[in-house]
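Comments concern the structure below.
The values are calculated or read from the model by the stated rules, or taken from the named source; none is laboratory data. Model, not experiment: these values are computed from the prediction. Counting neighbours? That spans all protein chains shown, and the Cβs are built from the backbone with ideal geometry, glycine included. We work out accessible area using only protein heavy atoms, side chains counted, and drop any ligands, DNA or RNA first. Shrake-Rupley method; radii C 1.70, N 1.55, O 1.52, S 1.80 Å.
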Amino acid sequence: MSADTTTAPPAAAEASAPTQLTMAGALNAALRDAMAADDRVVVYGEDVGPLGGVFRVTDGLQTQFGEDRIWDSPLAESGIIGTAIGMAMYGMRPVVEMQFDAFSYPAFEQMVSHVAKMRNRTKGRVTLPMVVRIPCAGAIGGVEHHSDSSEAYWTSTPGLTVVMPSNPADAYSMLREAIDSDDPVVFMEPKSRYWSKAPLALPVTTAPMDRAEVVREGADVTLIAYGPTVRTALEAADAAVDEGLSIEVVDLRSLSPFDDETVGASVRKTSRAAVIHEAAQFGGYGAEVAARVTERNFHHLAAPVLRIAGFDIPFPSPKLEEYHLPTADRVLAALDAWEWDA
Amino acid sequence: MAHDGCMSLNVEHAPMRTLPSAKPLRLLDNAGHALTGAATGGFALPDGETLLDLYRKMVIARRFDVQVTALTKQGRLATYPSAYGQEGCEIGAISAIGSTDWFFPTYRDCVALITRGLEPGEILQSFRGDWHNGYDQHAYRTAAQATPLATQALHAVGLSHAARLRRDPIVALTFLGDGATSEGDAHEAFNFAAVWQTPTVFVVQNNQYAISVPLSRQTHAATLADKAVGYGMPGYHVDGNDVAAMYAVTHAAVERARAGGGPTLIEGVTYRIESHTNSDDPTRYREAREVEHWKRRDPIERLEKYLVSEGALSETVRSEITDAAEALAAKTREAMSVEAELDPLELFDHVYSRPRTALLEQRSALEAELAAGAFAQHEAGAR
Ligand SMILES: Cc1ncc(C[n+]2csc(CCOP(=O)(O)OP(=O)(O)O)c2C)c(N)n1
Ligand SMILES: [Mg+2]
């Protein structure tokens, strides 16, 4: 195959002074630095070129790197994933964008039948170092098909690594790590967090992307959240202080693999856990979390693991989405359902 | 490294609007006579040495195919999709690429893999049920045989696009069935290849059926090659049982692609003489008469007639080819006569580059079951 053409990233390696950066900006910087560091990294998808992506995550990259490194592909998601497989087989590191969560579905076959299975099928002779970026979830007033949470489709597929950052620093660090990974990564970006800001000096390296993180310590309850619901969990934790309830928040970061160690340690400490996600509850990712947390920590649990999720309905229209999405109030109300005297 | 300002590869090519011939183009007629004029579409008959080589490869490939079908009937393989009757397409097209080019085959194309130099034992691992794939993709520059229809065509486009971006003079050849041309991925692959002008050659083996469903239920187009026009690439409608024509047309397409001329769609009109796989019952959907009709259009006999008429097939050459074919058949029988040593614990080893805790736990659990003799019967049976 092509020789390893990785070049050292001299300019990018020096940390800049902290500036306020959005998650979209952090992702943009991660792509820019990854492309500068390694010319095997190529980016394509729908409208990622001159427009810079509908969320501007690829803003300015085509001007900087040219059309051989980042380009607009024909409008066909299966085609985007299928060709990325071929490019990865040839030693490239494609980072492709699905424009919106629900528009990744045409690529389902390529994802499940090839992206996930290629390495195992070929006993590791063919690896697919590719990243599939998927803007996901709701709370942006999106019309139908623009707010889905499809993570469980991917997490229930062995062979895929599925991660979702909740903040700008993780967005940068995890995307760099995903691009460097020799295995395919489904990189889910919570749309409602694209414009959230944090002071950031780049490049930043946070915890490895397969680890969960305790983002707030507490003693009484563990809230397990990821992507957009981390903020919800933190809000609930703030509000709970007044009620004398000490909530610990775990940001999963990685949905597959699942960090049993970090989550288990927290749950054994607090003895109560609830998982929060926007996706529908039935058969959702939270079902797996509740099941494995229970299986592994049953004797430490004072109450059943709760799931606080979207309703079991197709994602609602913009004016109705607020009723569907988990809120801090709904989280706290759910916790009230437990027997607290024991 | 910033963009160095070198010219982008997005060269504007004048889109192609050449309509494939209504009649499949051919260089040898069914009686083995060399054709001239319009029938050939302007393609020249390959030289004698090439034709003899194609003949030899077809004879060997068929012997392999017949052997594997027999082994499958004996229960040695879980399934086998035969390409009996399609050797003109298979061998003509695969012989047109070099060892540095890439091939993206389907389940149907074991005989092309034999021609490409893969070992019977490597090819048949998947059909025997040992593992989903048994050969080294990079060593042979041959992707794992694809089962989800048309999906591999996109991989071929992506790989050849990557090669082009790297300025490597590499072409990707992929095979599709007639049924597979109805899949969305076929259209996406044709379109991506044409828009990106990738060095990709698509060979559609129109063997008239997708399992039981005849071509008339797949398309309303006059030919499958006609589809090329809509994507802005050249299409060729070729007699797939004329190995000389398949080779000549594919070879021209490969070299055009290599020179930066973009993709080509080639339809080889052929027929699957055997059932779809061993578990199929073709009497439910086609007449014996139809099969007989196509048997009289055998690709090997056609070239043989030509070579004999040219005095190019001496008894020495014939027996040398027969010996090679028999040797391969023997090697195939041998490879399938011993059960492979399978390690159930390997199930966990290749899913991810970095071991996952959950898989390691499950691996230990299976290891404990094995140690406790939970599968002793299975293992005894396997032996
Ligand atoms: C996406 C997909 N759908 C269905 C199948 C099941 N299937 C296997 S082979 C086949 C027929 C394919 O016909 P064709 O493309 O003409 O190829 P041939 O088998 O004739 O070589 C079908 C329906 C499949 N493998 N993949
Ligand atoms: Mg067919």
Identify the single condition in (1) in the same structural domain as residue B:71 (by TED's automatic domain parsing); (2) part of a helix (DSSP H, G or I) that residue B:359 does not satisfy, given that it satisfies every other one.
-> (1)
When you scan the range B:181-212, how many residues do you find that are surrounded by fewer than 24 Cβ atoms within 10 Å (Cβ to Cβ) and within 16 Å of ligand 2 (Cβ to nearest atom)?
-> 7
In the range A:114-141, anything over 30 Å from residue B:106 (Cβ atoms) and open to solvent by 10 Å² or more (accessible area, probe 1.4 Å) is listed as A:139, A:140, A:141
Out of the range B:129-163, which residues are open to solvent by 30 Å² or more (accessible area, probe 1.4 Å) and more than 16 Å from ligand 1 (Cβ to nearest atom)?
-> B:129, B:131, B:136, B:138, B:139, B:140, B:141
Take the residues in the range B:259-292 that are among the hydroxyl-bearing types (Ser, Thr, Tyr) and in a loop (DSSP other than H, G, I, E, B), then tell me which one is farthest from ligand 2 (Cβ to nearest atom).
-> B:279
So which residues in the range A:240-259 are closer than 15 Å to residue A:286 by Cα and out of contact with any Lys or Arg (no Cβ under 6 Å at 6 or more places or on another chain), if there are any at all?
-> A:250, A:251, A:252, A:253, A:254, A:255, A:256, A:258
Filtered residues of the range A:149-180 (kept if open to solvent by 30 Å² or more (accessible area, probe 1.4 Å), assigned to a loop (DSSP other than H, G, I, E, B) and within 14 Å of chain B (Cβ to nearest Cβ)) = A:156, A:158
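Among the residues of the range A:247-255, is there at least one that is modelled with pLDDT of 95 or more and open to solvent by 20 Å² or more (accessible area, probe 1.4 Å)?
Step one: filter the range A:247-255 for residues modelled with pLDDT of 95 or more, giving A:247-255.
In the following step, the residues that additionally are open to solvent by 20 Å² or more (accessible area, probe 1.4 Å) were identified as none.
No - not one qualifying residue is present in the range A:247-255.
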Failed criterion for residue B:82 (all others in (1) over 15 Å from residue B:117 (Cβ atoms); (2) part of a loop (DSSP other than H, G, I, E, B); (3) open to solvent by 10 Å² or more (accessible area, probe 1.4 Å) hold) | (3)
Among the residues of the range B:299-308, is any open to solvent by 20 Å² or more (accessible area, probe 1.4 Å), in contact with a Leu (Cβ under 7 Å, 6 or more places away or on another chain) and not in a helix (DSSP H, G or I)?
-> no
Taking residue B:75 as the residue in question, decide whether it is in contact with a Lys or Arg (Cβ under 6 Å, 6 or more places away or on another chain) and at positive phi.
-> no
Identify, by number, the condition in (1) assigned to a helix (DSSP H, G or I); (2) farther than 26 Å from residue A:42 by Cα; (3) within 14 Å of ligand 1 (Cβ to nearest atom) that residue B:72 doesn't meet.
-> (3)
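Filter the range A:288-306 for residues that are out of contact with any helix residue (DSSP H, G or I) (no Cβ under 8 Å at 6 or more places or on another chain) and surrounded by 16 or more Cβ atoms within 10 Å (Cβ to Cβ) and give the result. Break it down into steps so the answer makes sense when it comes.
The first filter runs over the range A:288-306 and keeps only residues out of contact with any helix residue (DSSP H, G or I) (no Cβ under 8 Å at 6 or more places or on another chain), leaving A:290-291, A:294-295, A:298-299, A:302-303.
Correct list: A:290, A:303.
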Take the range B:179-203 and flag every residue that is touching a residue at least 60 places away in the same chain (Cβ under 8 Å) and within 18 Å of the chain's Cα centre (by Cα).
-> B:180, B:190, B:199, B:200, B:201, B:202, B:203
